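So the structure is just underneath, and the comments pick up after that.
The values are calculated or read from the model by the stated rules, or taken from the named source; none is laboratory data. Computed from a predicted structure; not experimentally measured. Cβ atoms come from the backbone with ideal geometry, glycine included; neighbour counts cover every protein chain shown. Side chains are part of the model used for accessible areas, which takes the heavy atoms of the whole protein and leaves out ligands, DNA and RNA. Shrake-Rupley method; radii C 1.70, N 1.55, O 1.52, S 1.80 Å.
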Amino acid sequence: MDRMHPLVAVRGLTDELGYDEFTLQELSQYLRLSQVQTETMLYNLSIKGFVEYDDKNKYAKKLPKLDKYINDKAGKSDYDVIQISSDVSKNMN
C-alpha cells in the first residue's frame with residue numbers, strides 16, 4: 001500500500017469516524033503504521049497547527065487549518081476578488 005499524505009490520512013479517518021477527535025491507536029490502525037511512527041507524525045502535525053495532540057492521553061483533534069490547507073491546495077477554496085477605487089479631490093484637508 002502506498003503511503004498516504006498525513007493530512008489526507010487525518011481527514012480520511014475523521015470523515016470515516018464522523019467526528020474530529022481520534023485516538024493514536026485509531027490513526028495508527030488506519031495508516032497501518034506503528035504507534036511510534038504515528039505519534040511522531042502527530043507531533044509534527046501539532047507543531048504545524050493542523051491537530052491538537054494530547055500525548056498523555058494519546059488523543060488528537062483535527063483543527064480547521066487542516067481542512068483549509070487541503071482545500072486550498074486542491075483549488076477548492078473560493079476567494080473573492082475585491083477592487084477598491086478612490087476618488088481624491090484636488091483640495092487637501
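Quick notes
- Per-selection Kirkwood Rh - region 1-42 (Cα, Å, 1 d.p.): 10.2 Å
- Nitroxide proxy distance, nm - points 7 Å out along Cα→Cβ at residue 55 and residue 17: 1.9 nm
- The listed residues 15, 55, once ranked by accessible area (1.4 Å probe) with the largest placed first, stand as 15, 55.
- Long-range amide H partners of residue 51 with built H, under 5 Å: 46, 63
- At the residue level, residue 73 shows approximately 150 square angstrom of accessible surface with a 1.4 angstrom probe and all protein chains present.
- Calculated FRET efficiency, residue 68 to residue 44, Cβ-Cβ distance, R0 = 22 Å: about 0.75 to the nearest 0.05.
- Placed amide H near residue 59: partners under 5 Å, 5+ positions off or other chain: 24, 54
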